[in-house]
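Novice: The structure follows.
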Amino acid sequence: MLEISPKFISKFKKIFLYSPLLLVFALYSCGSNTSPTDTSNVVIPGVQGPNVTIVDNNVVISMVFDQITLDLGARVPIPKYTNSFVEISPHLTSGGTLLEAIISISDILNEELSKEDPHTLPGGRPLPGIAGGTLPAVAFNVKSFNDMTFYLGENVFGSFYPVDTGLKNNIGTYRFYIQGQRAGNISLVGTDENDENGGILLMLDLSNIVKQKLREYNDNWLRTHGQ
């Protein structure tokens with residue numbers, strides 16, 4: 001994993017309120033994911049993850065925000081995703097906050113999601129790494145968690161955490177890997193022409209995970225039926 005030296009991180013209590021210019025300098029100077037053979041992921045100060053696991057028939061995307069504390073948790077249903085939700089709760093180990101998106105594979109396979117309205121970054125700029133810059137998806141905000149935005153489309157999960165990255169009208173994108181396999185992108189999004197809508201964007205391609213689960217389902221069915 002590519003680490004950013006702790007000396008670059010200031011001691012503000014709320015996450016990402018350290019010097020954004022030093023954060024961006026640290027990320028760019030490390031040269032993360034600039035080579036096709038480099039499968040390390042950028043490590044964001046104050047954030048553990050994102051991590052992606054499969055639990056039963058759910059894709060679980062989790063992040064721990066070390067410097068954000070909550071007394072109580074909350075579960076937010078995902079619109080039009082019958083069996084999926086986002087859950088925010090205190091993280092006992094770090095004292096920070098655990099954010100988990102639990103996405104049912106049965107919901108991902110819903111073909112109606114490809115007919116949803118196309119969405120962009122908050123503020124209207126194109127989504128980096130997405131053909132045409134727009135994604136047909138269900139998009140919603142969790143206002144109680146810094147107005148974080150989530151995107152859920154056909155085989156695609158995205159999250160956008162608003163923060164001042166120190167960039168202006170620029171976007172830096174890095175490859176994201178799961179167990180050495182390319183699984184999406186993490187982007188540092190600079191503020192727009194109105195000095196707004198900067199943040200960190202995670203976009204995951206879930207198609208390989210879905211294909212794997214479908215193969216397992218078919219194999220189990222064949223074993224069960226003796227064919």
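Novice: Considering only segment 104-150, how many residues are buried (at least 16 other Cβ atoms within 10 Å of the Cβ), among the charged types (D, E, K, R) and within 24 Å of Gly190 (Cα to Cα)?
Specialist: The qualifying residues number 1.
Novice: Looking only at segment 36-49, decide whether some residue is closer than 25 Å to Asn170 by Cβ, surrounded by fewer than 14 Cβ atoms within 10 Å (Cβ to Cβ) and either modelled with pLDDT of 80 or more or over 17 Å from the mean Cα position of the chain (by Cα) (or both).
Specialist: yes
Novice: Having 2 or more residues that are within 16 Å of the chain's Cα centre (by Cα) and of a type in the set (Phe, Trp, Tyr) is the bar; report the strands (runs of 3 or more DSSP E) wholly within segment 99-190 that clear it. Walk me through it before giving the result.
Specialist: Numbers: elements: 135-142, 148-153, 156-162, 171-178, 181-189.
Fully inside segment 99-190 and qualifying: 148-153, 156-162, 171-178.
Novice: While we're on this one: Quick check on Ala101: is it within 12 Å of Ile78 (Cβ to Cβ), surrounded by 20 or more Cβ atoms within 10 Å (Cβ to Cβ) and touching a Leu at 6+ places or on another chain (Cβ under 8 Å)? Outline the logic, then answer.
Specialist: Values: within 12 Å of Ile78 (Cβ to Cβ): yes; surrounded by 20 or more Cβ atoms within 10 Å (Cβ to Cβ): yes; touching a Leu at 6+ places or on another chain (Cβ under 8 Å): no.
Criteria not met by Ala101.
The values are calculated or read from the model by the stated rules, or taken from the named source; none is laboratory data. Worth saying up front: this structure is predicted, and the values here are computed from it rather than measured. Because the Cβ atoms are built from the backbone with ideal geometry, glycine has one as well, and the counts that use them run over all protein chains shown.
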